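Enquirer: Okay, here's the structure, questions in a sec.
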Amino acid sequence: MIKLYGSTTSPYVRRIRMWLANTEHEFINLQIFAGKDRVILAERNPTLKIPMIEDDETVIFDSRVIFRYLSDKYQFPSLSWEQENQLTLIDAATDSLVQMLLLGRSDIDTSEDKMYFKLQRERVNSTLSHLNELVTQGHFSDWNYPSICLYSLVDWIEFRTLHDLQQMPDLLAFHNANHQRIEVTATDPRST
């Protein structure tokens, strides 16, 4: 059986958990920053990042690679190049927000007028604006892996209060339209 290692609050882990909602697997919830869970992570994954999966002797790192592995294993449809680009947008915003969150938790003031912080804020604004436009155009009307990833990002932004989405009403409407799905409610970090 596939073992998925991660945390309940990671948007990258959550997307895989939602994608595997109808597939038998074991979810191993780790507290990745300290203690025995950090040791478990370090023993299995030299990147020290989540998610990762174990499938017998195979260990796969990174949510994009995990998705490809699972798609091959279970013969799920491949993503189109357009969908791959959508994931790149979603991942760019998520990566920047993760970095800013970790810096903030390290007592670094990310509101300063420093190049790194400005680049991260610019990337987040640009990608979220573009994603809002893609939602407006109907690109996320089907509930598929890119939609799951977008939902995970938007919900994580709202959960962590990482960005003001009021100027992106279609992203908020997309979030609202999908928040009662069973795989969404089952993986909600607020309820764990």
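The values are calculated or read from the model by the stated rules, or taken from the named source; none is laboratory data. Because the structure is predicted, anything quoted here is derived from the model rather than measured. Note that we place each Cβ from the backbone using ideal geometry, even for glycine, and neighbour counts take in every protein chain shown. Keep in mind that these areas ignore ligands, DNA and RNA; they rest on the heavy atoms of the full protein, side chains included. Shrake-Rupley method; radii C 1.70, N 1.55, O 1.52, S 1.80 Å.
Enquirer: Using the structure shown, decide if SER78 is within 22 Å of HIS25 (Cβ to Cβ), out of contact with any His (no Cβ under 9 Å at 6 or more places or on another chain) and hydroxyl-bearing (Ser, Thr, Tyr).
Expert: Answer is yes for this residue.
Enquirer: Among the residues of region 171-181, is there at least one that is within 19 Å of MET100 (Cβ to Cβ), aromatic (Phe, Trp, Tyr) and in a helix (DSSP H, G or I)?
Expert: no
Enquirer: Got a number for residues in region 25-51 being farther than 12 Å from TYR5 by Cα, open to solvent by 80 Å² or more (accessible area, probe 1.4 Å) and not in a helix (DSSP H, G or I)?
Expert: Count: 2.
Enquirer: Kindly evaluate LEU87 against the criterion of being in contact with a Cys (Cβ under 8 Å, 6 or more places away or on another chain), in a helix (DSSP H, G or I) and surrounded by 12 or more Cβ atoms within 10 Å (Cβ to Cβ).
Expert: yes
Enquirer: How many residues does region 2-24 contain that are part of a strand (DSSP E or B) and either open to solvent by less than 10 Å² (accessible area, probe 1.4 Å) or of a type in the set (Phe, Trp, Tyr) (or both)?
Expert: 4
Enquirer: So, in region 105-134, of the ones that are β-branched (Val, Ile, Thr) and out of contact with any Lys or Arg (no Cβ under 9 Å at 6 or more places or on another chain), which residue ends up most open to solvent (accessible area, probe 1.4 Å)?
Expert: Restricting to residues being β-branched (Val, Ile, Thr) and out of contact with any Lys or Arg (no Cβ under 9 Å at 6 or more places or on another chain), the top hit is ILE108.
Enquirer: Could you tell me which numbered condition LYS3 fails, if it satisfies all but one of (1) closer than 23 Å to LEU150 by Cα; (2) in contact with a strand residue (DSSP E or B) (Cβ under 6 Å, 6 or more places away or on another chain)?
Expert: (1)
Enquirer: Under 16 Å from PRO11 (Cα atoms) and touching a Lys or Arg at 6+ places or on another chain (Cβ under 6 Å), is that true of THR161?
Expert: Taking the combined requirement at face value, the residue does not satisfy it.
Enquirer: Within region 64-80, identify whether any single residue is out of contact with any Phe, Trp or Tyr (no Cβ under 7 Å at 6 or more places or on another chain), farther than 30 Å from SER129 by Cα, open to solvent by 70 Å² or more (accessible area, probe 1.4 Å) and in contact (Cβ under 8 Å) with a residue 24 or more places away in the chain, and answer yes or no.
Expert: Yes, that holds for at least one residue.
Enquirer: Could I ask something else about it? Give SER147, SER152, SER126 a once-over and let me know the one that is over 24 Å from ARG68 (Cβ atoms), in a helix (DSSP H, G or I), hydroxyl-bearing (Ser, Thr, Tyr) and at pLDDT 95 or above.
Expert: Only one candidate qualifies: SER126.
Enquirer: Within region 144-192, work out how many residues are open to solvent by less than 10 Å² (accessible area, probe 1.4 Å), under 21 Å from HIS130 (Cβ atoms) and not hydroxyl-bearing (Ser, Thr, Tyr).
Expert: Summing the residues that are open to solvent by less than 10 Å² (accessible area, probe 1.4 Å), under 21 Å from HIS130 (Cβ atoms) and not hydroxyl-bearing (Ser, Thr, Tyr) in region 144-192 gives 10.
Enquirer: Still on this structure, please answer the following. I need every pair where a residue in region 143-164 that is within 16 Å of THR187 (Cβ to Cβ) has its Cβ under 8 Å from the Cβ of a residue that is open to solvent by 50 Å² or more (accessible area, probe 1.4 Å) and assigned to a helix (DSSP H, G or I), sequence separation at least 6 or different chains.
Expert: Here the result reads TYR145/TRP19; ILE148/TRP19; PHE159/ARG190, each pair linking region 143-164 to a residue that is open to solvent by 50 Å² or more (accessible area, probe 1.4 Å) and assigned to a helix (DSSP H, G or I).
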